[in-house]
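First up is the structure itself, then whatever we jot down about it.
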Amino acid sequence: MDTETMAEETRPKRPIRWHVGVFLAPAVLVYTAIMILPLFGTLQLSLFRNIEQSQVFVGLGNFRTLFGDPNWSVNFWNALRNNVWFFIIHMLVQNPIGILLAALLSSPRLRFTAFYRTAIFVPTILSFVIVGFAWKLILSPIWGVAPHLMDFVGLKSFFTPWLGKEQYALTALSLVSVWQFVGIPMMLIYAALLSIPDEVIEAAECDGVTGMAQFWKIKLPLILPSIGIISILTFVGNFNAFDLIYTAQGALAGPNYSTDILGTFLYRAFFGFQLQVGDPNMGAAIATIMFLIILAGVCVYLFLVQTRLRRYQF
Amino acid sequence: MKTKLLTALLLGTSILGTTGMALAEDVTLNIESWRGDDLTIWKDKLIPAFEAKNPGIKVVFAPSAPTEYDAALGAKLTAGSAGDLITCRPFDKSLELYKKGNLTDLSALPGMENFSPVAKSAWQTDDGKASFCVPMASVIHGFIYNKDAFDKLGLKVPTTRDEFFAVLDKIKADGTYIPMAMGTKDLWEAATMGYQNIGPNYWKGEEGRAALIKGDQKLTDKDWVAPYEELAKWKPYLGDGFEAQTYPDSQNLFTLGRAAIYPAGSWEIGLFNTQAQFKMGAFPPPVEKAGDTCYISDHTDIGMGLNAASKHPEEAKKFLSWVASPDFATIYANALPGFFSLNSSPVKMEDPLAQEFVSWRGKCKSTIRSTYQILSRGTPNLENETWVESANVINGTDTPEAAAKKLQTGLDSWYKPAK
């Protein structure tokens, strides 16, 4: 609508371009209905509280509870801390491994590339439920293959029930998630590496830049924008994560809340758990904070990182 | 030819018309439930028994998954598409539905007189004036043991705590069996099968529970910390890697015959009977000295209420009266051994293990889980915290005193007992 009126004012003689609106409409309508409206609905919900069966406006009261009441804030900071650790593991393990795999795959001497590519990507399309359940079984001290395999190579003494120990559970689950999603950075980087023109590589070779030096000096700078995209995707994905923890550890994210991340914390608050009755208003407050954290992260990336990335046009 | 066609058409319409009328006379009642496991029992046994006696009323049992039930039911009630009959969770979840006006007051329902006040307590307002669900079943806690293993090792069923630990020591020394099948991964095992199982013997069942609600006792009192001290002693008797052992793992360890004792809830009986290849027995939580009064957790678990928005309240009430009758109790208790009828008239049960469990009602005093009534209304939620702390105590990451202190501090932050 706006585009039409603007077009009319500036250039009254040109015909109205209906098709722009018509073609935009489906995407705009669907996106508004299922993304933007619920988002504002959540923001609105977080400003109310249920008192005596009716919704009462309390301003920022729910946020004051969330940060001021130790019954909420302790859990919130714990979840945020765990979530940051979850993200750090992904950044330190998943993305470097993804880049390494992509570099190996793009090497012209490697055979069976298509097979490796598919095999590494398959876990990404598996359901969280399957991944969570399979790894719970693999790591099970009773029926799992992990203790047997470790026994095989004489490392049995290093086996502990990782998912049941406070100090290891979150790291173990982060690594499971890394295993599942390493295919995504691999694919994106792989595509970026393939798009580097052969002339650039040949020119590098003429100048005597080969092997590892070629990767560090020529290819890595060229795929930096892709790495940026991957980082932001990882960030958004990790701070929205929920499914894996829920399927592997349950909504209470045991032992002793050591695997509780913002997603599971939100779930317990919003829907309740066992005897805990759900509180949609507090849940919406947590969801709002999650939204703000992600928004802040994306803004940092957009304004501080992306503007400084150099792009090369071939 | 034409007339023939016409008569055929007329006949057709008349038949169609009459079936339409028959359908209109039949009233269909839908039951909302989380007990998907019971689908065949409802379809094959309970519903036919009711329909045979009440022609004109059709009943459909429509369960949803346990973890989704509360959310799904809430959404359906708001949308007005929920079934006529609603399976009730105990205590606050149902109380909340009643307060919202989703459940009807059933205090005057014929058949309600068949239940004791304790049985009705799970589905009453705090003042006890209105009852809104018909109690269906309770579950009893205790220990199930592998009789073959006990015979082989020459063990006697323990009645006191010292005997209990002596038995565990002997099983451990022998080494063939894991003494006790329990894990802490799923948290609730530690709380429900651990703390709430052995606890009533320490806090004297209803006496302690009522005192806790009144504020006369605290979770940091000796009677409430002592069960944690006993739980901490369980640790060496649990299997390797119990920290990551889930609830199904524990069940399988026991039914495969690899563990000797299983801290249980009676709901396991049905599954264990079909899976275990050995003889099983059960004993109630051991008491301190021989001859002490024993207390058991006989926890009200399932009830059924009437959707206030039901279009057929009269027929639904008829059904609920039947649910309150001894007829229903007999079929239900026998079809689902381990879910014990709350009906005051004694029910004859065939299953020996179920008989053993229910026989404790005669010699021990019954109570319900301490955290369920009133005390789990606030934040932090006492039941959830009890799960976490019970697991912490067994894992050794919290001392019994520290766990009790955390629970009491959490409770104090929102619960002010009415003095």
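Every read-out reported here was derived from the displayed coordinates using simple, explicitly stated rules and does not represent laboratory data. Keep in mind that what you see is a predicted model, and the values were worked out from it rather than measured. Glycine gets a Cβ as well: all are built from the backbone with ideal geometry, and neighbour counts include every protein chain shown.
Stokes-Einstein diffusion for chain B, with the hydrodynamic radius set to the Kirkwood value over Cα pairs and evaluated at 20 °C in a medium of 1.002 mPa s, equals 92 µm²/s.
Selection among B:Thr293, B:Val134, A:Trp216 by position relative to the dipole of the protein assembly as shown gives A:Trp216 as farthest towards the positive end (Cβ unit charges, Cα centre). Loop-located chymotrypsin sites (Phe, Trp or Tyr not before Pro) across the stretch A:64-151 with a Cβ neighbour count of 16 or fewer within 10 Å are A:Phe112, A:Trp143, with loop assigned by DSSP.
Mean-square fluctuations from a GNM of chain B, with a 10 angstrom spring cutoff on Cα atoms, peak among B:Gly36, B:Gly291, B:Gly239 at B:Gly291. Each Lys and Arg Cβ is given +1 and each Asp and Glu Cβ -1; about its Cα centre, chain B then shows a dipole of about 720 debye.
Considering only beta bridges that DSSP places wholly inside chain B, some 60 percent are antiparallel.
Output the antiparallel fraction of DSSP beta bridges having both residues in the protein assembly as shown, as a percent to the nearest 5. Within the protein assembly as shown, antiparallel bridges account for around 65 percent of the total.
Taking B:Thr367, B:Thr192, B:Thr28 in turn, the Gaussian network model of chain B (Cα-Cα springs below 10 Å) assigns the largest fluctuation to B:Thr28. Between 0 and 90 degrees, the angle of helix B:382-395 with respect to the longest Cα principal axis of chain B falls at about 40 degrees. Considering only Cα atoms, the convex hull volume of the stretch B:191-235 works out to 63 Å³ per residue.
Placing unit charges on the Cβ atoms only, positive for Lys and Arg and negative for Asp and Glu, gives the protein assembly as shown a dipole magnitude near 1040 debye about its Cα centre. With a 10 Å cut-off around each Cβ of A:239-252, the average count of Cβ atoms from other chains is 2.
In this structure, the amide hydrogen of B:Ser131, modeled 1.01 Å from its nitrogen in the peptide plane, lies closer than 5 angstrom to those of B:Leu106, B:Ser107, counting only residues at least 5 positions away or on a different chain. Amide H contacts for B:Met280 (H built 1.01 Å from N in the peptide plane; partners 5 or more residues away or on another chain; cut-off under 5 Å): B:Lys147. A quarter of the convex hull surface defined by the alpha-carbon atoms of chain A gives 24.9 nm² as the mean projection. The radius of gyration of the Cα set in the stretch B:81-211, together with its Dmax, comes out at 20.7, 59 angstrom.
Of the GluC sites (Glu not before Pro) in the stretch B:206-248, not one is in a loop by DSSP (not H, G, I, E or B) with at most 15 other beta carbons within 10 Å.
Applying both filters, DSSP loop and at most 13 other Cβ atoms within 10 Å, to the GluC sites (Glu not before Pro) of the stretch B:301-395 gives B:Glu350. Each Lys or Arg adds one and each Asp or Glu takes one away; over the other residues whose Cβ falls under 13 Å from the Cβ of A:Asn256, this sums to -3.
Charged side chains reduced to their Cβ positions (Lys and Arg at +1, Asp and Glu at -1) give the stretch A:63-308 a dipole of some 260 debye around its Cα centre. From helices alone, chain B scores -13000 deg cm²/dmol at 222 nm; the rule is -39500 (n - 2.57) for each run of n ≥ 4 DSSP H residues, then divide by the residue total.
Peptide B:93-105 is shielded by partner chain Cβ atoms: per residue, an average of 1 of them sit within 10 Å of its Cβ.
Computed over the Cα atoms of the protein assembly as shown, the ratio of the radius of gyration to the Kirkwood radius (Rg/Rh) comes to 1.04. Computed 3J(HN,Hα) for the stretch A:143-156, one whole-Hz value per residue from the Karplus formula 6.51 cos²θ - 1.76 cosθ + 1.60 where θ = phi - 60°, is 10, x, 7, 4, x, 5, 4, 5, 4, 4, 9, x, 10, 3, glycine and proline marked x.
Name the residue, out of B:Asp221, B:Asp151, B:Asp169, whose mean-square fluctuation peaks in a Gaussian network model built on chain B with Cα pairs under 10 Å. Looking only at B:Asp221, B:Asp151, B:Asp169, the biggest GNM fluctuation is shown by B:Asp151. Applying a 4.7 Å Cβ-Cβ cutoff to chain B leaves no cysteine without a disulfide-compatible partner.
Counting Cβ atoms of other protein chains within 10 Å of each Cβ in B:380-387 and taking the mean gives 5. Take every pair of alpha-carbon atoms less than 8 Å apart whose residues are at least six positions apart; their mean separation over the length of chain B yields a relative contact order of 24 percent.
Considering only trypsin sites (Lys or Arg not before Pro) in DSSP loops that have at most 10 other Cβ atoms within 10 Å, the longest stretch of chain A without any of them is A:112-309. Only helical runs count toward this figure. For chain A, summing -39,500 (n - 2.57) over DSSP H runs of n ≥ 4 and dividing by all residues gives -19500 deg cm²/dmol at 222 nm.
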